[in-house]
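Below is one structure, written out as structure tokens; comments come after it.
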Amino acid sequence: MTQPSTAGALHLPAEMESAIRSAIEPAQSILCVSHVSPDGDAIGSLLGMGWILRHLGKKPTLALADKPASDFNYIPGFDRIVGASGVADAYDLIICLDASSPDRMGAVYRPAVHSQIPLLVIDHHITNTNFGSLNWVEPGCAAVCQMLVYLADGLGAPLAGNLSVALLTGLITDTLGFRTSNTDAHVLQAAMRLTDGGAHIHEIVARTLQSRTYAGLRLWGSILNHAQLDKRVIWATISLAQRKQASAQDGDGEGLAGFLVSAKEADIGATFTERVNGGQTVVECSFRAKRGFDVSQVALALGGGGHPPAAGCTLTGPLDQVAAQVVAALQEAHQKQTAAQKLAQSQLSSVGNGAHG
Ligand code: 5GP
Ligand code: MN
């Protein structure tokens, strides 16, 4: 019988396991944080880490700079997440989840007081800058919640109850319900173990991916109406005025870049969302790419980060100007990637011709 493709390929490496154990075991006070504008993987991995640590007898503080959407309040422990005001100056250890660079932690991480504290980074972004004193970065994992399945195994925390609900949330939201190109046998195996532990895929999908407000749908309608398409890049801007007109909330534009890139005529989708952040107007840029294209490098070059099929950055400047500049960069990347694909194909076919000719 052939070995299953999942055999032993992804796990917490033994050296990393002992380094993480050595960091956690002596720590009395632990702060866990994730990224600004928290998504399902940020919230799920934060709460999941909290349950793993509690299993080890710790009482961690779980913090997010931005208030998490109430959609996620079904995850046990949600009400105990604190904001920046609930974060003290001194901890024995800080654990940062799902953030590719320190700025992504926002106001919950204050370098002036926190930079002397050991920092354990657990992340799956290929663009991670390894900014921790200990970094476990696994771009082969579809979600940090998948990594925490392996961490729970390593630290002896049973994948059941509260922990399974938290971790299945990030697995489902980061893979858009097991539909992204990185959804492989390992992801499905992790999900199977979490469902075995008592979490329900249909309930989590209903609470996250399939839950929208009427105002949000109206916003999507108005945005889709003026989406633009050129050189296989499709994009739309979302202004403060449009959100106000639709009575839409902050998170209501989420998922739109992924919907835009479903257009057959496009390979890359982007949304540009105008926001006021600490009195300053910023533009949140969200990119999605079809299989075979990579938007992470454009995001990285603009000071952001992400994964080849999903990345983003935050820029300052007038909405339309930012959108025009970034779209040009995406079109250029698309052109280069298409040329590289064509070259690779022609080399492959000439090798093929040689072999048979
Ligand atoms: P989304 O478009 O869902 O906000 O983000 C897609 C991916 O890009 C996520 O993995 C997210 O972490 C990353 N990302 C989005 N915005 C930023 C940003 O401003 N900075 C960095 N470093 N990554 C970002
Ligand atoms: Mn993630």
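Numbers for the structure displayed
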| quantity | calculated |
| --- | --- |
| Packing-based order for 162-169, 332-339, using average beta carbon neighbours within 10 Å, highest first | 162-169, 332-339 |
| Ranked by how many other beta carbons lie within 10 Å on average, peptides 27-36, 152-161 from highest | 27-36, 152-161 |
| Estimated translational D of the chain in µm²/s (Stokes, Kirkwood radius over Cα pairs; 20 °C; 1.002 mPa s) | 100 |
| Candidate lysines for bridging to K59, where Cα separation is under 27 Å - those fewer than 8 sequence places away on the same chain excluded | K67 |
| Cα-based reach from K264 at 16 Å (exclusive), listing lysines while leaving out same-chain residues under 8 positions away | K231, K290 |
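Here, each number is a calculation from the coordinates, and none is a lab measurement. Values in this document were obtained by computation on a predicted structure and should not be read as measured data. Counting neighbours? That spans all protein chains shown, and the Cβs are built from the backbone with ideal geometry, glycine included.
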